[in-house]
């Protein structure tokens, strides 16, 4: 995919081997070869301690702008097209050149790495002088704590979705009105206005006896013998008096 569909297969494997050879050689030189600004195994282990993807690359360039060109080749590894150095948490850089290396070239390499790495990244830059590299400049880069291109795009999308959910206003729910429970109705018992019973007297008792005799056929009914108050006495009271 990187080399194109028309690229010869045998040469494609040679190209991949060349890229891997350069990366391994660069790491080996960092550890074994002493430099003008030395970078050793402890520096490599410190950078490799950052979690995430890692990128290793080596770039070699010549000419007037060789420092920038070599750095671009080192960070654009064709075998890791989905992994970029942007936002790296740890970066180890070694610049190897002949005695003609200038301070401006060394600064150009360091400034380019600083612009691409994370603001809080741990960046270590070393320098080695190789007498046999007259006119050439080689940049070896080990970057760790990287994110793939897919993950870098997925994070803002998730943040936007979460922010959209949080921004949705919450409509207040109407308060539920509770109706009072029905109170039990009091049942009123009607009060009867009854007159107190009148105790029977001797006259009423005698009148009741005479009335019972008349009812039994013993005597003829003579209302006059009952007196004036006879008709005023209820029947049930006259019977009680008997």
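A short reminder: the numbers here are calculations on the coordinates, not readings from a lab. Computed from a prediction, not measured in an experiment: that's the story for all the values here. As a convention, Cβ positions derive from the backbone with ideal geometry for all residues, glycine included, and neighbour counts pool all protein chains shown.
A few remarks follow.
- Mean Cβ count within 10 Å, highest first, over the residues of peptides 27-36, 10-19: 27-36, 10-19
- Per-peptide average of other Cβ atoms within 10 Å, ordering 56-65, 126-135, 95-104 highest first: 56-65, 95-104, 126-135
- Max-minus-min Cα coordinates of the range 9-149 on each principal axis give 42, 37, 28 Å, with the largest extent listed first.
- With 0.36 nm allotted per residue and the present C-alpha distance subtracted, the residue 33-residue 104 stretch has 23.2 nm of extension available.
- The relative contact order of the range 9-149, computed from alpha carbon pairs under 8 Å that lie at least 6 residues apart in sequence, is 36 percent.
- Simple label model, 7 Å out from Cα along Cβ direction - residue 15 to residue 111, nm: 3.3
- On a per residue basis, the convex hull of the C-alpha atoms belonging to the range 62-125 measures out at 90 Å³.
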